[in-house]
1. Go ahead and run the numbers for FRET between LEU210 and LEU29, Cβ-Cβ distance against an R0 of 41 Å, rounding to 0.05.
2. Can you give the Rg and Dmax of region 296-342 based on its C-alpha atoms, in angstrom?
3. Over the C-alpha atoms of region 259-400, what are the Rg and the largest Cα-to-Cα span, Dmax, in Å?
4. If packing is taken as the mean number of other Cβ atoms within 10 Å per residue, what is the order of 32-40, 303-311, 5-13, 331-339, highest first?
5. By how many nm would the segment from ASN285 to ASP67 lengthen if fully extended, with 0.36 nm per residue of separation less the alpha-carbon distance?
Amino acid sequence: MRVVILGILVYLALLIVAPVDVVTPQSLLPYVYLALCLLGFFCGCIMTRHSDEHFHSTTPVASGLSDEQLSKIHHMTTIAAMIGAILKTIDLFVIRGVSVAGAVLNNRNQMDTVGSNPVSIVCAVFLPACLLVPFTWQILRQRGIATKTQGIATHVLFIVPILASAAITGARSQIVIYALTYTLYAVYLGRVRIRAKIVFQLFVGMIVLLAITTAIFNNRLEAMHMSSLDSVYSSAYAFTLQPQEWVTHVMQSYRGIVSNTAFAILLASQYYLHGVFEFVYQIQNAPPNHIWGAASFNSYYKFAAYMMHWPTPDDLWNSVTVHRGIYTTFFGPVYSDFGWLGPIYMTGLGVLAQRTWENCRRGEIGAVPLYMYLIYVMFLFPVQNGIANNMGLYTLSAFGLFFLLVPRGSDRTYGFSSGVS
C-alpha cells in the first residue's frame, strides 16, 4: 500500500513542477473510476494482511537452503536465461533480419513486419530468466560460493534483453525495468543500505539513465527526420500535455548541454505524466464495449485465440482503444477489459501483492523476484500498465513459476528489517 501511495505522491510532485500544461478537457467521472480502483486495491491488501509481526534481518538469507541447493537453483536459472538469450538473438537477426548497424526506425519496422512467430513466443517464456539470474547470483555471492565465471555469465545474460530492446529497437522502458529490479534485489539482500552516499549514487544513476533514454529517443527522431522542438509539440505524448513557453524558449535560445537538458526534462515530464490525462480522454471517448481480459491477460488470450480461432488481441484492442500506442495509466487497459467492474480486478491484484510481500517477509526467496517486479508495477500505477505492456505478463508468469518451483527452505524470517507493504 505504501508503494502505491509513494508512487502517487511522486507523480503529483512532478506534475506540480513539470514545465507542461494540460490542454485536454477534464471531467470528474474518470477520477471517480481511478479512486474506486485504488480503493479496491487497498481493500485487497487490507483484508489479506496478517498481524504486524516483528521481522528481523539477523538470520542469513536462504539459511534454510544448502549451498548445493542454491547452486542448483542458479544453474537451472542460468540455463533458462541462456535459452531465452539465444532465442532472442535468433529471432532478431535471423528471423526478423534486424541489423546492428541499421537505423532504429528501420529495425522497429522490421520487427513489426515479421510479427509473432514460434521462436519469439518460446523466447518470451524464457527471456524473463535473464532478470532472475542476477538474484540467484547475488545470493551465491552473499554465501561466498559464487565464481568469477558465474558473475560474468550472469551479467552477460542480464544485458542481452537491454541491448536488444534499447540499442537495436530503441525501446527505453527495458533499461528502467532491469536497473530498478537489479537495485531492489540488492536492497532486499542487504547489499545496499539507504545512506546519503547511496542516495547520491542513485541520483547520478537516474541522470545517466535519463541521458541514455533521451539519446535513444533522439536517435529515433533523427530516423523520422524530426527535430526535438517538433517532438515536444506534436508527439503522441504531447496530445494532452503541451510545453510551457519558457522551456521551449530555452531550447530555441541555447545550444549544447542547456538545450539538451531542457529537452530531456520536458520529454521525461510528458512521458511520465501524460497517462492520467490520456485516461480521462479514454473514458470520455471510449466505445461502450469491453474485451474482458484480452488486454490485461494478453499473452494468455493470444494463445487461446490461436487455438480457438478467436479474434486476435490486436483486433479486440483496436475495437476499444481511443489513442493507440499511448500509455493510459495502469487503469486504461483495466477499463478496456472490465469497465466499471475494474475495481474487482484491482482487489484481486491487491490480494496477490500483499500475499507476495508477506512471503518475502517470511524469507521465501522464490517470492522475491515476483514482488520486486510488482513494486515496479504498483509504483507506476499513475503512469502505465506494467502487466499489459512491456511483456509484463510473461515476466510475472515466469517469476510466479520460479516461486512455485524454488524450495521454501527455513520458516525463519529474514529480508527487509522494516517493510514496505
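Bear in mind that the values in this text are calculations on the coordinates, not laboratory data. All figures in this text were calculated on a predicted structure; none of them were measured in a lab. Neighbour counts are summed over all protein chains in view; Cβ atoms, including those assigned to glycine, are modelled from backbone coordinates with ideal geometry.
1. 0.75
2. Cα-based Rg and Dmax for region 296-342 come out at 11.2, 31 Å.
3. When restricted to Cα atoms, region 259-400 yields Rg and Dmax of 16.6, 53 Å.
4. Values: 32-40: 17.8, 303-311: 11.4, 5-13: 14.3, 331-339: 24.0.
With the highest mean Cβ count within 10 Å placed first, the list reads 331-339, 32-40, 5-13, 303-311.
5. Working: separation 218, 0.36 × 218 = 78.48 nm, distance 5.73 nm.
Fully extending the segment from ASN285 to ASP67 adds 72.8 nm.
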